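Down below is the structure, laid out as structure tokens.
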Amino acid sequence: MIRCASTAEFLAAFPFVVGFTASDSLFVMLFQGKRSRQVMRLDLPALNDAHACTALIDSVCELLRTSGAGAEGPALVISTRARFADSGAAPGQDFARAIRRRFRREGWRLRELAVIASDGWTGLLDPAGSRRPRPLAELESNAVRARIPSARSPLPALDDLGALPAADPRRAAAVVSALAQLDARGQEHAAEAVVSGGRGGAGVPGVPGDPGDADVPGDASKAGSIFAAGAAPCASPTWLGGIARVAEACFTGAGRPEPQLVARLIRAAEDPDQWLVLVLTAMSRAAFVIELLEAGSVDPLLRTPVLGAAGTESLGRGSPPAQKPAGDAQLLLHDLSSYQLDPKRLELLIDVLGDAAAHTPSGRRSGLLALLAWAWWVRGMGSVAGAIADEAARLSPTDASATLVRRLVAQPALWLHDPALLDAA
């Protein structure tokens, strides 16, 4: 726990609580009593755009009202590339005044309101101090940072958070080789299925009907795709259970998955139904997902057309859940976002998916990037998720998973609205 007795100490500690740096942002730190619980970041509009600034204040207040966090006294920090020198006063003074007026009207107290500009900082709760910038070096040398272990290392910038790691050429080649082997087995199975009239045998996840090193049986019984009417049929529940085991091996193992596992993960992420199984396993356990599959609990979802249904272009753009069709995969993932996942589990998941995507040929990366975007979104980093989802859609404009995630991340995960979860954040 870090105790801050002044605005300077608060701002010195603030970036290390957030975990990254970002300009042109409004940060809202939520509290419960005297302890901080969660930090939200929102894009800061042009500070001279009164309409956009008012809309941002409306959004913040709606979130604070819905979560009940407004009554606890949030702290707000304006981070901007603007300079005190440009106007002779703190950037965003009018914006800050509007925030103070709105909080008074709501009956909430502001625990802190400050601005960090490119040439100085100041607290904005004291009108007398808003014209006198204080040097940024005061924050960098503040004694409070000596009490923060993470302050010994530089913080990443927001724009770098979702960047894929540098690929290891040898690991990338091993993944490509394993992927080629799986593709060849899949083609062999497809040819055999035509000759045998569609009868399948034992197989491995990602390689339907492969009789080699399999421990997961498959068959030719199929359910309709969850993403598009008329799309290729998905595998049997038994087969999808095998995909859940692959996911668990990738997401919970020690160290990076072997290239063979990465290749199976790539193939699974390319199929919409298997992609959803990967998500569900990332949120829970393979055994639980397999139990649902065997009980038929996800059957309505697996049989519901989503992207091909009339009127679904508006999904994820503010339509209430009651207007969305039952079994909609996007609605399912949106509803499940009311559960905050273990941060350490998410950190491992993001590391694994980022590494896998970095070693995947760009033409086959879209499904993994959609998974990675979902993981950042449930972590509460919507802006990072949005950028990754956009890249997934750019690589494959027709990829159903990328399209779904791009819509999904346009709104915050539900757990960010739940005051009961703030204590665990």
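Ellipsoid fit via the Cα gyration tensor, the range 7-157: semi-axes of 23, 20, 14 Å, each the root of five times an eigenvalue, largest first. Listed by Cβ neighbour count within 10 Å, with the fewest neighbours leading, Val277, Val144 appear as Val144, Val277. For the range 7-157, what does the relative contact order come out to in percent, with C-alpha contacts under 8 Å and a separation of six or more? So the answer I get is 28 percent. Panel order for Ile350, Ile243, by other beta carbons found within 10 Å of each beta carbon, from fewest to most: Ile350, Ile243. Ordering Trp108, Trp415 from the fewest to the most neighbouring beta carbons within 10 Å gives Trp108, Trp415.
Bear in mind these aren't lab numbers, they're just calculated from the coordinates by the rules spelled out. This is a predicted model, so every value here is computed, not measured. Methodologically, a virtual Cβ is constructed for each residue, glycine included, from the backbone with ideal geometry; neighbour enumeration extends over all protein chains shown.
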